[in-house]
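The values are calculated or read from the model by the stated rules, or taken from the named source; none is laboratory data. Since this is a predicted model, take the numbers as computed values, not measurements. Reconstructed Cβ throughout: ideal geometry from the backbone, glycine too, with neighbour counts over all protein chains shown. Accessible surface is based on the protein model in full, side chains and every heavy atom, while ligands, DNA and RNA are left aside. Shrake-Rupley method; radii C 1.70, N 1.55, O 1.52, S 1.80 Å.
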Amino acid sequence: MNILLFGPPGAGKGTQSAFLVEEFRMKHISTGDLFRAAIKGQTPLGVKAKSFMDKGQLVPDDVTIGMVREALAALGGQSFILDGFPRNVVQAQALDELLAELKLSMGKAIFLQVPEEVLVGRLSGRRTCKNCGAVYHLESKPPKAAGVCDQCGGAELLQRDDDKPEAIRTRLNIYAETTMPLKDYYKSKGKLAEVDGTGEVVGVYKRIKALLTA
Ligand code: ADP
Ligand code: AMP
């Protein structure tokens, strides 16, 4: 079962992917996480990506597509969830080519639907563990002990630079212009599945699971 999760920033793609990984042992391929790991490791890819990411802009397609090619080629038969890729039609076409080249197939493209006013609250309250990357929310998912990561005990739960107001605005605009058209792209291929991404995290997961096990 290979799937793609897409939707606006803050829709809950990473949160829902963590459930899918836990239950179905799928490989989570998040281009945002891959870029953040490259930045942390100060690799040339990270240096290149950082200037775009901090401003909320997309990293250039050639860089992003090359990184996804490597991730897909390294799967070794494990099924995958793509999260945050593709983000525009050029990337979607490149993904189709990559899948054909690597003899992989992809099932549903699941779109997580969340209204903009909810997204802003989710993004501005998101906090990420500097050490392990676990994701929290000041209101909907605070850590058990204030400021301490439940998973690794790390004591730095930070706000992402691109979760600050100006970058949030840029990201939501880019999403509306370049990522939303992917709904038509996957609809025309008969792969689109829309899921209501509002309400409790567990409720959203139940809806996704129902789709996958139908
Ligand atoms: P994405 O990967 O789509 O950008 P995340 O999974 O990181 O989104 O979620 C964004 C923020 O919203 C995080 O702080 C997360 O804890 C919170 N969140 C995710 N899903 C829900 C939900 N169903 N209800 C409330 N908060 C949520
Ligand atoms: P995310 O973690 O998915 O919110 O992504 C964080 C940032 O990483 C985005 O705002 C972009 O700067 C960059 N990024 C992630 N995925 C892509 C992609 N598919 N294409 C271009 N840039 C991306």
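Below is a table of values for the structure above.
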item: Candidate lysines - alpha carbon under 18 Å from Lys27, same-chain residues fewer than 8 apart omitted; result: Lys13, Lys103, Lys108, Lys209
item: Principal semi-axes in Å for the range 1-144 [√(5λ), Cα gyration tensor, largest first]; result: 24, 19, 16
item: Shape call, the range 6-47: gyration tensor on alpha carbons, a/c limit 1.5; result: oblate
item: Between the range 67-82 and the range 1-36, the alpha-carbon center distance in angstrom; result: 13 Å
item: Share of carbon and sulfur in the accessible heavy-atom surface of the chain [1.4 Å probe, %]; result: 54 percent
item: Value of relative contact order over the range 142-214, rounded to a whole percent, pairs C-alpha under 8 Å and six or more apart; result: 11 percent
item: Proximal charge balance of Pro142 [Cβ under 13 Å; K/R count +1, D/E count -1]; result: +2
item: DSSP-assigned coil residues among GluC sites (Glu not before Pro) in the range 91-141, each with at most 14 further Cβ atoms within 10 Å; result: Glu139
item: Solvent exposure of the chain as accessible area per residue, Å², 1.4 Å probe; result: 52 Å²
item: Reference-scaled alpha-carbon Rg (2.2 N^0.38 Å with N residues) for the range 130-214; result: 1.43
item: Relative contact order (percent, whole number), the range 1-82, Cα cutoff 8 Å, 6+ residue spacing; result: 44 percent
item: Radius 14 Å from Cβ of Asn88, net charge of other residues (Lys, Arg +1; Asp, Glu -1); result: -2
item: Measure of compaction for the range 48-95 (Cα Rg per 2.2 N^0.38 Å); result: 1.22
item: Structure-based [θ]222 nm, the chain - -39500 (n - 2.57) summed over DSSP H runs of at least 4, per residue, nearest 500; result: -14000 deg cm²/dmol
